[in-house]
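The values are calculated or read from the model by the stated rules, or taken from the named source; none is laboratory data. None of these values were measured; they are calculated from a predicted model. Note that we place each Cβ from the backbone using ideal geometry, even for glycine, and neighbour counts take in every protein chain shown. Note: areas computed on protein heavy atoms with side chains; ligands, DNA, RNA excluded. Shrake-Rupley method; radii C 1.70, N 1.55, O 1.52, S 1.80 Å.
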Number of protein chains: 2
Amino acid sequence: MAVDETVRQHKYLLDESQMPTAWYNIIPDLPEPPPPPLHPGTHEPVGPEDLMPLFPMALIMQEVSQDRYIEIPGAVQDIYRQWRPSPLFRAHRLEKLLDTPARIYYKYEGVSPAGSHKPNTSVPQAYYNAVEGIRKLTTETGAGQWGTALAFACALFGLECEVWQVGASYDAKPYRRLMIEAFGGEVHRSPSDLTNAGRMLGANPANQSGSLGIAISEAVEAAVADPTVRYALGSVLNHVLLHQTIIGEEALKQMAMAGDTPSLIVGCTGGGSNFAGLSFPFLREKLAGNINPRILAAEPASCPSLTRGVYAYDFGDTAGMTPLMKMHTLGHDFVPDPIHAGGLRYHGMAPLISHIYELGLMDAEAVPQTECFSAAVKFARTEGIVPAPEPTHAIALAVREALKAKETGEETVILTALCGHGHFDLPAYDAYLNGRMEDEAVSDERFASALSTIPVM
Amino acid sequence: MAVDETVRQHKYLLDESQMPTAWYNIIPDLPEPPPPPLHPGTHEPVGPEDLMPLFPMALIMQEVSQDRYIEIPGAVQDIYRQWRPSPLFRAHRLEKLLDTPARIYYKYEGVSPAGSHKPNTSVPQAYYNAVEGIRKLTTETGAGQWGTALAFACALFGLECEVWQVGASYDAKPYRRLMIEAFGGEVHRSPSDLTNAGRMLGANPANQSGSLGIAISEAVEAAVADPTVRYALGSVLNHVLLHQTIIGEEALKQMAMAGDTPSLIVGCTGGGSNFAGLSFPFLREKLAGNINPRILAAEPASCPSLTRGVYAYDFGDTAGMTPLMKMHTLGHDFVPDPIHAGGLRYHGMAPLISHIYELGLMDAEAVPQTECFSAAVKFARTEGIVPAPEPTHAIALAVREALKAKETGEETVILTALCGHGHFDLPAYDAYLNGRMEDEAVSDERFASALSTIPVM
């Protein structure tokens, strides 16, 4: 057999000394500011004091900051440097399989302790809570990536960590719970009998498998009941997107190392933090006229908030307890089908991303899950990384574009966000490879019904 | 809470261009050559022709090579560079937890596609078979790390891959099987009804849970039955240890980057390939008088071939079908207790490591598994990596030595091999954290009984 003996550059690494030392806040660079969140009762803009029972003041100030750059504290930098800067890879072998003139790069966050991009924000969140004397953080988790990331961060700052995990995931994905426990976190199956919300909602047999909404209620209740405890959220909010921008700041430097400029940047969107993390620093350069990439969100066909939702004030949770946020939403009681990409099953989109989408600065496309896993298997068998179900959406759009480039002959330069590995999600691959995966079809009536629940302002 | 804002250097990375381009063969540097393997029938040294039905000629030649360096083919370098050079880390946070003056470094192989050091040899093995026109490779796997690594390598060279997995592991660790299938490999539960050996041995109900010995018999039978098929082994043999030396060659450069010289090098030993990979290049420098580290093998208390075995000619498999190898052995029908470190449950030791141990160039200590997991949990909660059960043995000895250094005040410099992550082994952590893990005690009678089966030469 003829074997190609070519040796190529696959990885673009930055030395620890080249790691960015500030996060990037895109808000002051936008042509207009995003609409503020509103109090659910008064419909007046939410003030810092409304958030104090939930978050430390440093994070509340970041949520509303107008500073373009916010310095990363030394203690956070020190922890980041265990796995950051993360690698940028050139997907030579995938390109060869696709026989495309496109050049495909991927920024890989699966090298983190939790196997995803989530520690980029769990570490600073734990840090700021520790500095303000907090004893314990509570949170919810679905599949478990965010719970793992927060447990890791809490271990490093001597904080306790209590996680309410969606019952169905608790039962089906035991390895994620064990990973949280290995890091010293405590995990409860939600609904639990430890909170009023859990006892009340759990009394209804229909709720026994849990939901993210119920788990949030339990974690929030546990936090506000004790002044030494705070709550932590893993996506959606401005300060979470802010912390993730270190991904894009690094990728800018690494694309320069590679001597290439992306013509397309694609990331998956659930709450939006991974997508924002990679794309916002490139969007800054685009707004400054330095580069002109198309910026593309990949969302699941079963939960397409950008492409099928409306831009309106809606609740962040199903029970309607949170502030009202102006965002692309499918309606706060839309329950997505149980696709394998659990991290993308959210009815809304980060308000900041929604605002940028409305400004026409980015695009979005929805992808059905079998197309995602078809692309992911090609990726795994060439690049050697089995992606988490969430980033398979970005990979699927990268493959679509690479095949278009094959038709046109265009040397498209694609940069994609590979936000985590799929080591704990292998049953999804099993379902795909053995013909047991279906594309969920959401009826127009079901979308219309959920949209009708959005509050009229 | 007071938070330490110190920013430290955690990672020592080499650029792809600094990756070693040759493997190191220690045999010509040893004061005397290792004893040859013997034919089980004639007791004469085994010749290349005896091995041709199993391995391609290039690997047979490497098995007996007297060259100090063997060039890594371009196609293999190209694949290595997806994840190599692998990172060397300084364990600052673990050191702080232990309050030790020791400096602890770990070379991490969990960044590979299979999550362990195994692809360092699966890739060249698949390459040499592809070059010689082979269509398919067969192998056995226990917990599944080796099967995963070989499936990945076969995918890249267009080879089919057929894996017989020990029945008990097939049932208990489904994620590893799914990972092999994601890479395109085919997995059979062993004993299977696809081979004479499987049908014959499987007829005995006592064999239904399988063993590595049975799985080897099946994979070997399938390979020798078809001239377009060969067999691949993941440890023990000289050519496997050779391929792993890239670990130590990189670590030599990285310790120089760190400006430090190890006084202790510690790695876990099952078949011995990970330990040899890290230590042989340092042993070369020790033999040349350039450095003088203590080189220490960490073996499980339940399967201590170096510290409790004898140095004798014995079979490599339980059924007694392989050549006789001079090695430290507990006896070829010694069946180790079912500890979580499945990769260390081998009755013998690589002949080359056994020879070096007899020459007095290295030491060995046995560690009970609860001490291993106690050290591993400390490691996970500070360094953020959950180690596979196998390298917890090396971490446990590193912790022992770091605590000794705390007593003496000595600035011991410890270099340890972290050969893989434990993402597929989390039930072991669950057992430890919830008090369900026991230290197996092997009776003197059981050791003596197994030793009595070693053939008299």
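What to note about this one:
- Any hit, the stretch A:166-177, residues being without any contact (Cβ under 8 Å) to a residue 40 or more places away in the chain and buried (at least 22 other Cβ atoms within 10 Å of the Cβ): yes
- Scan the stretch B:54-93 for residues that are touching a residue at least 24 places away in the same chain (Cβ under 8 Å), within 12 Å of chain A (Cβ to nearest Cβ) and of a type in the set (D, E) and the total you get is 1.
- The set of residues from the stretch A:78-132 being open to solvent by 10 Å² or more (accessible area, probe 1.4 Å), of a type in the set (D, E, K, R) and in a helix (DSSP H, G or I) comprises A:R93, A:E95, A:K96.
- Sole residue being assigned by TED's automatic domain parsing to the domain that holds B:A143, of a type outside the set (G, A, S) and open to solvent by less than 10 Å² (accessible area, probe 1.4 Å), chosen from B:V224, B:V229: B:V229
- Test: residue in the stretch A:13-36 that is in contact (Cβ under 8 Å) with a residue 40 or more places away in the chain, open to solvent by less than 30 Å² (accessible area, probe 1.4 Å) and facing chain B (nearest Cβ under 7 Å): yes
- Condition check for A:A341: small (G, A, S) and open to solvent by less than 10 Å² (accessible area, probe 1.4 Å): yes
So that you can scan it fast, the table gives a plain yes or no per residue for (1) assigned by TED's automatic domain parsing to the domain that holds A:K253; (2) of a type in the set (F, W, Y); (3) surrounded by 24 or more Cβ atoms within 10 Å (Cβ to Cβ); (4) touching a Pro at 6+ places or on another chain (Cβ under 9 Å):
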| position | (1), (2), (3), (4) |
| --- | --- |
| A:L287 | yes, no, no, yes |
| A:N290 | yes, no, no, no |
| A:C303 | yes, no, yes, yes |
| A:T322 | yes, no, no, yes |
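- Only one of the numbered conditions (1) more than 29 Å from A:Y311 (Cα to Cα); (2) open to solvent by less than 10 Å² (accessible area, probe 1.4 Å); (3) in contact (Cβ under 8 Å) with a residue 12 or more places away in the chain is not met by A:L403, and that is (2).
- Counting residues in the stretch B:178-199 that are of a type in the set (S, T, Y), open to solvent by less than 10 Å² (accessible area, probe 1.4 Å) and under 17 Å from the mean Cα position of the chain (by Cα) gives zero.
- For the stretch A:429-440, residues that are away from chain B (no Cβ under 14 Å) and touching an Asp or Glu at 6+ places or on another chain (Cβ under 9 Å) total 2.
- Restricting B:D430, B:D425, B:D444 to those that are assigned by TED's automatic domain parsing to the domain that holds B:T245 and either within 26 Å of B:H332 (Cβ to Cβ) or in contact (Cβ under 8 Å) with a residue 24 or more places away in the chain (or both) reduces the list to B:D425.
- Scanning the stretch B:133-148 for residues that are open to solvent by 10 Å² or more (accessible area, probe 1.4 Å) and assigned to a strand (DSSP E or B) returns B:K136, B:E140.
- Residue list for the stretch A:438-457, restricted to those being at pLDDT 85 or above and open to solvent by less than 20 Å² (accessible area, probe 1.4 Å): A:F447
- Residue selected from the stretch B:256-276 under the condition in a helix (DSSP H, G or I), more than 16 Å from B:A388 (Cβ to Cβ) and out of contact with any Lys or Arg (no Cβ under 8 Å at 6 or more places or on another chain), by the criterion least open to solvent (accessible area, probe 1.4 Å): B:A276
- Pick from the stretch B:149-163, criterion buried (at least 24 other Cβ atoms within 10 Å of the Cβ) and in contact with a Phe, Trp or Tyr (Cβ under 7 Å, 6 or more places away or on another chain), ranking: farthest from A:I385 (Cα to Cα): B:A151
- Those residues of the stretch B:407-428 which are more than 14 Å from chain A (Cβ to nearest Cβ), out of contact with any Lys or Arg (no Cβ under 8 Å at 6 or more places or on another chain) and buried (at least 16 other Cβ atoms within 10 Å of the Cβ), in sequence order: B:C419
- Taken as a whole, the structure places A:T100 among residues that are of a type in the set (S, T, Y), assigned by TED's automatic domain parsing to the domain that holds A:A396 and touching a residue at least 60 places away in the same chain (Cβ under 8 Å).
- Where a residue in the stretch B:252-264 is closer than 23 Å to A:S17 by Cα and its partner, wherever it lies, is part of a loop (DSSP other than H, G, I, E, B) and among the hydroxyl-bearing types (S, T, Y), with Cβ under 9 Å and at least six apart: B:M255/B:T261
- Residue satisfying condition, being within 14 Å of another protein chain (Cβ to nearest Cβ) and farther than 23 Å from B:A431 by Cβ, within set A:A149, A:A182, A:A206: A:A149
- Summed over the stretch A:152-179, the residues that are in contact with an Asp or Glu (Cβ under 6 Å, 6 or more places away or on another chain) and away from chain B (no Cβ under 14 Å) give a count of 2.
- Residue match in the stretch A:108-121 (condition: in contact with a Leu (Cβ under 8 Å, 6 or more places away or on another chain) and within 30 Å of A:E407 (Cα to Cα)): yes
- Elements of type helices (runs of 4 or more DSSP H) contained in the stretch A:174-244, each with 1 or more residues being among the acidic types (D, E) and in contact with a Gly (Cβ under 6 Å, 6 or more places away or on another chain): A:212-224
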